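The structure appears below as structure tokens.
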């Protein structure tokens, strides 16, 4: 096996001795996802003009307080006296053919091909895959003059599996479709707009590495969009 260093992987949570005054001072109490994202930026920032060079996933402690898993090229820079930071080198031993269990949080959207938009260099529009699939099923039923009876759970499962499978090989792996599980699929408020929603998908299963170099890039750069809001990070382990 070949060992690869991917930078650092960190678990960032509040210190056990944090006080209510600390939470208020650092604006952590009742913070929105957008505010928590800004707090994480502060922990990871090392330069005023820094571009994001980390991916993360936000979870919650049993008491509801935030916790972050972060993969980054550099170590967290400051705890501000309130964060408990557990950071270690992100070293992996991976090769083509390895079978791994994965967990992934992602933003399942797609961008339709539009020649005029590409030629004009206009900003692309992304569409939620589930909303699009439901619309197609409704239009199909209407055209065939059938009553609309959509099995939402099956439609969600099939659509999300197809979405991830389409992106798997270009990210260096092949899905084991029989182990694919949707743990959670929901909509949250888009941090950039009160009028838009952000679809968030948590999936797990097994995969087979087909291109080690590409897969290592995926582990450090993530899959899909909305990485700034905690999507895209894939975590893997053997067994």
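The values are calculated or read from the model by the stated rules, or taken from the named source; none is laboratory data. All figures in this text were calculated on a predicted structure; none of them were measured in a lab. Note that each Cβ is placed from the backbone with ideal geometry, even for glycine, and that neighbours are counted across all protein chains shown.
Among the residues making up segment 122-147, those that are within 26 Å of residue 231 (Cα to Cα) and either outside the structural domain of residue 217 (by TED's automatic domain parsing) or modelled with pLDDT under 75 (or both) are 122, 123, 124. Listed by position, the strands (runs of 3 or more DSSP E) contained in segment 18-119 that have at least 1 residues being in contact with a helix residue (DSSP H, G or I) (Cβ under 7 Å, 6 or more places away or on another chain) are 54-60, 66-72, 83-93.
Under the condition of being more than 25 Å from residue 226 (Cα to Cα) and touching a strand residue (DSSP E or B) at 6+ places or on another chain (Cβ under 9 Å), the residues counted in segment 9-25 number 5. Across segment 62-79, the number of residues qualifying as on the phi > 0 side of the Ramachandran plot and surrounded by 13 or more Cβ atoms within 10 Å (Cβ to Cβ) comes to 0. Quick check on segment 5-16. Is at least one of its residues surrounded by fewer than 16 Cβ atoms within 10 Å (Cβ to Cβ), over 17 Å from residue 68 (Cβ atoms) and in contact (Cβ under 8 Å) with a residue 12 or more places away in the chain? Scanning segment 5-16 turns up at least one residue that is surrounded by fewer than 16 Cβ atoms within 10 Å (Cβ to Cβ), over 17 Å from residue 68 (Cβ atoms) and in contact (Cβ under 8 Å) with a residue 12 or more places away in the chain. Count of segment 33-55 residues, restricted to those that are in contact (Cβ under 8 Å) with a residue 40 or more places away in the chain and more than 18 Å from the chain's Cα centre (by Cα), is 1. Of the residues making up segment 80-102, those that are farther than 12 Å from residue 40 by Cβ and buried (at least 17 other Cβ atoms within 10 Å of the Cβ) are 82, 90, 92, 94, 98, 100, 102.
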